[in-house]
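Student: One structure, pasted below without further comment.
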Amino acid sequence: MDEKTRAQKDLDKLGKIIAVFKSYKFDAKYPEVFEYVENYASDARHYFGKGDYFTSFGAANYAYGFIDAVLVIEGKKDEHIL
């Protein structure tokens with residue numbers, strides 16, 4: 001899989017997991033964490049648009065990591081494996 005495809009796959013995955021995060025209202029419960037998620041997601045989209053797929057991939061995975069941590073803390077991780 002080339003870098004662009006991989007980065008796009010991670011952006012798609014991130015969009016889905018953000019929706020899960022919001023469905024549990026964790027964006028309101030953990031607003032500081034969600035701010036990091038939004039910032040990293042924005043960075044991922046920005047770098048993807050510039051053709052820097054490696055950095056886009058990294059930023060998307062940082063965002064995903066924050067969400068993943070909250071899902072683990074809240075006991076919801078096993079319900080939503082993407």
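Just so it is clear, none of the values below were taken in a lab; they were calculated from the coordinates. For clarity, every value in this text was computed on a predicted model and none was experimentally measured. Using ideal geometry, Cβ is built from the backbone for each residue, glycine included, and neighbour counts are taken over all protein chains shown.
Student: With each pseudo-label sitting 7 Å past Cα toward Cβ, what's the Asn61-Thr5 distance in nm, one decimal?
Tutor: 1.8
Student: Something else: Among Lys22/Lys50; Lys29/Lys50; Lys50/Lys76, which pairs are too far apart, with a Cα-Cα distance over 30 Å? Intermediate results must be reported in sequence, preceding the final value.
Tutor: Details: Lys22/Lys50 28 Å; Lys29/Lys50 33 Å; Lys50/Lys76 34 Å.
From Lys22/Lys50; Lys29/Lys50; Lys50/Lys76, over 30 Å: Lys29/Lys50; Lys50/Lys76.
Student: So, one more: Residue by residue through segment 41-49, what is 3J(HN,Hα) from phi via Karplus (6.51 cos²θ - 1.76 cosθ + 1.60, θ = phi - 60°)? Round to whole Hz and write x for glycine and proline.
Tutor: 5, 5, 4, 4, 5, 4, 5, 4, x
Student: Here are labelled values, [x] 4.9; [y] 9.2; [z] 5.9, and one is the computed mean projected area of the Cα convex hull in nm² for what I pasted. Which one?
Tutor: [x]
Student: Also: Of Tyr53, Tyr24, Ile73, which is farthest towards the positive pole of segment 3-79's charge dipole, taken about the Cα centre with +1 and -1 on the beta-carbons of Lys, Arg and Asp, Glu respectively?
Tutor: Positive-end residue among those listed: Tyr53.
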